[in-house]
Amino acid sequence: GAAIELVDLTKHYPGNPRPSVDGVTLRVHAGETVVFVGPSGCGKSTTLKMINRLIEPSSGSVRINGEDVTGLDPVKLRREIGYAIQSSGLFPHMTVAQNIALVPRLAGWSGRRVRARVTEMLELVGLDPGEFRDRYPRRLSGGQQQRVGVARALAADPPVLLMDEPFGAVDPITRAHLQDELLRLQRELRKTIVFVTHDIDEAIKLGDRIAVLGERSRIAQFDTPEAILAHP
Ligand code: ADP
Ligand code: ADP
């Protein structure tokens, strides 16, 4: 695992009247899962993108294991942080296997090891490797695309996972299975996970702690599921 520290993180998109993320400060411990919940537009996705350095904060900072992400090499960052998003983000011109193999190849894994890993990851997300390996994303359902997106995020075994509504389009039975897999990764492999959802049941199931973002894009509550249920 790796600890993540957000210090007074703020994003003000040019032209918007209000900041989209306003002074978020919190620490995610190594091996912990923190779930961000809150209404649509409160800044959950923007927060994840700043952790990932896909966008730059207007002010404040993100530290991973004490190191400011602005100082990290981009390739190293991709290996450290697995990122799965709602829309799957698969490259349409690449097959399922090529999408999943992307970061392991970047990390210099051997072809043999990469192929074995692709098979393992497809099985983990409940897709038959023989059937799906060579398909292009457009030939998958929305839920299947998301599952490949999750497989890709996990493929290089990153210590940190950022997941932005990764199971939104997945059918309920598979979703429950993937949630259990995520809990296992957290417990057995001590992954540090930041998970975004608007589903409070999912937040309670997965979160060691839950950060509730309010309408004003600030943290309204940050506590364990038990404490949040007791004092909603
Ligand atoms: P959430 O993930 O909680 O739904 P987002 O982080 O996607 O929220 O968005 C937070 C706010 O920032 C919203 O008001 C949204 O319209 C705005 N926003 C998001 N991305 C951009 C952008 N690229 N340019 C301008 N405004 C944006
Ligand atoms: P999901 O709940 O997984 O999103 P869908 O109802 O979208 O499922 O799809 C049901 C089945 O149809 C899937 O198992 C998938 O194999 C198949 N399917 C969906 N879209 C396509 C497509 N464009 N090409 C081939 N098969 C597809």
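The residues of region 118-139 that are away from ligand 2 (no atom under 16 Å from the Cβ) and surrounded by 20 or more Cβ atoms within 10 Å (Cβ to Cβ), listed by number, are 118, 121. Against the definition (more than 16 Å from ligand 1 (Cβ to nearest atom), in contact with a Pro (Cβ under 9 Å, 6 or more places away or on another chain), open to solvent by less than 80 Å² (accessible area, probe 1.4 Å) and modelled with pLDDT under 95), how does residue 1 come out, yes or no? Judged against the criteria, residue 1 is a match. Exactly one residue out of 160, 150 is away from ligand 1 (no atom under 16 Å from the Cβ), under 21 Å from residue 95 (Cβ atoms) and under 14 Å from the mean Cα position of the chain (by Cα), and it is 150. Across region 59-94, the qualifying residues are those that are of a type in the set (S, T, N, Q) and either more than 17 Å from the chain's Cα centre (by Cα) or over 19 Å from residue 153 (Cα atoms) (or both), and the one among them that is least open to solvent (accessible area, probe 1.4 Å) is 61. Here the helices (runs of 4 or more DSSP H) wholly within region 134-224 that include at least 1 residues being hydroxyl-bearing (Ser, Thr, Tyr) and in contact (Cβ under 8 Å) with a residue 24 or more places away in the chain are 172-189. Here residue 222 clears all of (1) open to solvent by 40 Å² or more (accessible area, probe 1.4 Å); (2) at pLDDT below 95 except the condition numbered (2).
If you take the residues of region 38-58 that are within 10 Å of ligand 1 (Cβ to nearest atom) and of a type in the set (Val, Ile, Thr), which of them is surrounded by the most Cβ atoms within 10 Å (Cβ to Cβ)? It comes out as 47. The sole residue among 200, 219, 210 that is within 16 Å of ligand 1 (Cβ to nearest atom) and in contact with a Pro (Cβ under 9 Å, 6 or more places away or on another chain) is 210.
Listed by position, the strands (runs of 3 or more DSSP E) enclosed by region 1-84 that each have at least 2 residues that are farther than 23 Å from residue 205 by Cα are 4-11, 21-28, 59-64.
The values are calculated or read from the model by the stated rules, or taken from the named source; none is laboratory data. Only a predicted model underlies this, so the values are computations on that prediction, with no experimental measurement involved. Counting neighbours? That spans all protein chains shown, and the Cβs are built from the backbone with ideal geometry, glycine included. SASA here: full protein model, heavy atoms, side chains in, ligands and nucleic acids out. Shrake-Rupley method; radii C 1.70, N 1.55, O 1.52, S 1.80 Å.
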